[in-house]
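Participant: Below: one structure in structure tokens.
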Protein chains: 2
Amino acid sequence: MALKTLSAKAAAALDKDLMSTGAFSIDQLMELAGLSVSQVVYRVHPLNKGRRILVAVGPGNNGGDGLVAARHLRHYGYQPSIYYPKRSKKELYQRLAKQLEDLDVPFVDDFPTALQSADHVVDAIFGFSFSGEVREPFPPVIQAMAESKIPVTSVDAPSSWDIEEGPPKSGVGSNFHPDVLVSLTAPKPLVKHFKGRHFIGGRFVTPGITQKYDFDVPAYEGIDQIVEVGPEGLKL
Amino acid sequence: MALKTLSAKAAAALDKDLMSTGAFSIDQLMELAGLSVSQVVYRVHPLNKGRRILVAVGPGNNGGDGLVAARHLRHYGYQPSIYYPKRSKKELYQRLAKQLEDLDVPFVDDFPTALQSADHVVDAIFGFSFSGEVREPFPPVIQAMAESKIPVTSVDAPSSWDIEEGPPKSGVGSNFHPDVLVSLTAPKPLVKHFKGRHFIGGRFVTPGITQKYDFDVPAYEGIDQIVEVGPEGLKL
């Protein structure tokens, strides 16, 4: 049974609902989203497979999820480093970056070089609100991830992919196929083009939300904030 | 080796540091504290021991941790109910309560009656900022927990206990000995009077904080947000 997917428009409306009628703050949601991402990395890339996690952080909410994930990974015993070339001026993002600085997590300027000494990459550049062209300085970053053999975990969407249509037909991202995808709250239509390990994260969705947007909360186990559902959203 | 403890005054200063120089928001800290509490309940009282968790919520931050814990417990598959007689007017607390209402978590008015059909109780009435006398309507609530055979998990402090001196010599709380204690960030001096299962939670403390306040972060395992340290803070 394929999991139902949420269009980019529906995902944006759902986020808005969570923060209005749902009464969640963005701090709360981002903390839980980033925690989910960190749990996926721990699951697919345990500490004994190498501790050096390079996190590519975009300018928006997807990037914020990456910053939170990096903090949790640091507490788990990993050695994350952060590529964050377009820093948001919003207070929340500045605080998330400060929390990493206080843990002595390094911020790096040169992604391709940093990639050479990474064991795993988290792609938190663009999420469900991405559309159109990848802007500088991210094209070579996505290119480097596409060409590298270092495994990549993408947050909510492989960056550069169209949320509905999947990988671009040509140009930046057309050859980018991350190994792992964490869909936050629900998969987006692009998952039908994704062939790697697929997880759902974000264990905070209410029955009211799932009914309104017509999807099911997957069967999380125990205290897990994530659940693996397999490629293309097929339940394992 | 006994874990070092944090006085009430130091705990208050540490919290202030986390939210100023540490750049955490109270939403974030409360989410992680409540998540820790929920993981302790899952550990000491797994689903097959009974799903009915009664959460006694006080008017301040300790109560907020309880509200967050209840939400996570609901997502884990428990059936929490909330006793919350002195509702905070602060927006954060109103939002945390709304998040529970959206999950159809019931709010109950009569604690002793609710206790009769509970499998486990979370005491989130007072935390490290408590001192002096227990005010209405909480004396009979603490009395009921003290006299009941239903196991109790206290958040940061057994409510009514003096943070430095432990249980009151007489009156309300003098016979209150909860089964489980979750110390948030670090144990308080009262732990030397506590004989039950003792956990540390709140996996967000930085080296700068532990150095300033002269305590050690315990050895958390894997992605756990909690670690059991045994009675009196002795490491297991």
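Participant: Can you confirm whether region A:121-144 contains a residue that is within 14 Å of chain B (Cβ to nearest Cβ) and at pLDDT 95 or above? Outline the logic, then answer.
Facilitator: First, the residues of region A:121-144 that are within 14 Å of chain B (Cβ to nearest Cβ): none.
Taking every residue of region A:121-144 in turn, none turns out to be within 14 Å of chain B (Cβ to nearest Cβ) and at pLDDT 95 or above.
Participant: Within the bounds of region A:78-86, is there any residue that is modelled with pLDDT of 95 or more, touching a Pro at 6+ places or on another chain (Cβ under 7 Å), open to solvent by 20 Å² or more (accessible area, probe 1.4 Å) and among the small types (Gly, Ala, Ser)?
Facilitator: yes
Participant: Next question. Filter region A:69-83 down to residues that are more than 13 Å from residue A:98 (Cβ to Cβ) and either outside any helix (DSSP H, G or I) or hydrophobic (A, V, I, L, M, F, W, C) (or both), then give me how many there are.
Facilitator: Summing the residues that are more than 13 Å from residue A:98 (Cβ to Cβ) and either outside any helix (DSSP H, G or I) or hydrophobic (A, V, I, L, M, F, W, C) (or both) in region A:69-83 gives 8.
Participant: For region B:28-47, state whether one or more residues are of a type in the set (S, T, N, Q) and either open to solvent by 20 Å² or more (accessible area, probe 1.4 Å) or more than 14 Å from chain A (Cβ to nearest Cβ) (or both). It would help to see each step written out before you state the result.
Facilitator: Step one: filter region B:28-47 for residues of a type in the set (S, T, N, Q), giving B:28, B:36, B:38-39.
Filter once more, keeping what is either open to solvent by 20 Å² or more (accessible area, probe 1.4 Å) or more than 14 Å from chain A (Cβ to nearest Cβ) (or both): none.
Within region B:28-47, not a single residue is of a type in the set (S, T, N, Q) and either open to solvent by 20 Å² or more (accessible area, probe 1.4 Å) or more than 14 Å from chain A (Cβ to nearest Cβ) (or both).
Participant: Now a separate question. If I filter region B:195-236 down to residues being modelled with pLDDT under 95 and hydrophobic (A, V, I, L, M, F, W, C), which single residue comes out as surrounded by the most Cβ atoms within 10 Å (Cβ to Cβ)?
Facilitator: B:229
Participant: Just for region A:159-171: of the residues that are surrounded by 19 or more Cβ atoms within 10 Å (Cβ to Cβ) and at negative phi, which one is farthest from the chain's Cα centre (by Cα)? Steps first, answer last, please.
Facilitator: Narrowing region A:159-171 to residues surrounded by 19 or more Cβ atoms within 10 Å (Cβ to Cβ): A:159-163.
From what's left, at negative phi: A:159, A:161-163.
Numbers: A:159: 9, A:161: 13, A:162: 15, A:163: 13 Å.
Filtering region A:159-171 for residues that are surrounded by 19 or more Cβ atoms within 10 Å (Cβ to Cβ) and at negative phi, the one farthest from the chain's Cα centre (by Cα) comes out as A:162.
Participant: Residues in region A:174-197 that are over 23 Å from residue A:46 (Cα atoms), under 16 Å from the mean Cα position of the chain (by Cα) and among the small types (Gly, Ala, Ser): how many? Walk me through it before giving the result.
Facilitator: The initial filter retains those residues of region A:174-197 that are over 23 Å from residue A:46 (Cα atoms), namely A:174-176, A:185-193.
Next, from what is left, pick out any that are under 16 Å from the mean Cα position of the chain (by Cα): A:176, A:185-191.
Keeping just the survivors that are among the small types (Gly, Ala, Ser) gives A:186.
So the answer is 1.
Participant: Turning to a different aspect of this structure: Restricting the first residue to region B:205-222 and requiring it to be among the aromatic types (Phe, Trp, Tyr), which pairs with a second residue that is open to solvent by 50 Å² or more (accessible area, probe 1.4 Å) meet a Cβ separation below 8 Å and a spacing of at least six or different chains?
Facilitator: Note: pairs meeting the criteria are B:215/B:4; B:215/B:5.
Participant: Would you check which residues across region B:113-132 are in a loop (DSSP other than H, G, I, E, B), in contact with a helix residue (DSSP H, G or I) (Cβ under 8 Å, 6 or more places away or on another chain) and among the aliphatic types (A, V, I, L, M) and list them?
Facilitator: Residue satisfying the conditions is B:125 alone.
Participant: Here are some residues: B:159, B:129, B:170. Which one is farther than 25 Å from residue B:31 by Cα and hydroxyl-bearing (Ser, Thr, Tyr)? Working first, answer last.
Facilitator: Working: B:159 fails: farther than 25 Å from residue B:31 by Cα; B:129 fails: farther than 25 Å from residue B:31 by Cα.
Being farther than 25 Å from residue B:31 by Cα and hydroxyl-bearing (Ser, Thr, Tyr) holds for just one of B:159, B:129, B:170, which is B:170.
Participant: Does residue A:156 meet the test of being within 14 Å of chain B (Cβ to nearest Cβ) and either open to solvent by 10 Å² or more (accessible area, probe 1.4 Å) or of a type outside the set (A, V, I, L, M) (or both)?
Facilitator: Working: within 14 Å of chain B (Cβ to nearest Cβ): no; either open to solvent by 10 Å² or more (accessible area, probe 1.4 Å) or of a type outside the set (A, V, I, L, M) (or both): yes.
No.
Participant: Mind checking which pairs have a first residue in region B:107-127 that is in contact (Cβ under 8 Å) with a residue 12 or more places away in the chain and a second that is of a type in the set (Asp, Glu) and outside any loop (DSSP other than H, G, I, E, B), Cβ under 6 Å, 6 or more apart or different chains?
Facilitator: Cβ pairs passing all conditions: B:124/B:65.
Participant: I need the full set of residues from region B:87-112 which are over 25 Å from residue B:8 (Cα atoms), assigned to a loop (DSSP other than H, G, I, E, B), open to solvent by 50 Å² or more (accessible area, probe 1.4 Å) and more than 10 Å from every other protein chain (Cβ to nearest Cβ), in order please.
Facilitator: Matches in region B:87-112: B:106, B:109, B:110.
The values are calculated or read from the model by the stated rules, or taken from the named source; none is laboratory data. Everything numeric in this text was worked out from a predicted model, so none of it was measured. Cβ coordinates were reconstructed from backbone atoms using ideal geometry, including for glycine residues, and neighbour counts include every protein chain displayed. Ligands, DNA and RNA are excluded from the accessible area calculation, which covers all protein heavy atoms including side chains. Shrake-Rupley method; radii C 1.70, N 1.55, O 1.52, S 1.80 Å.
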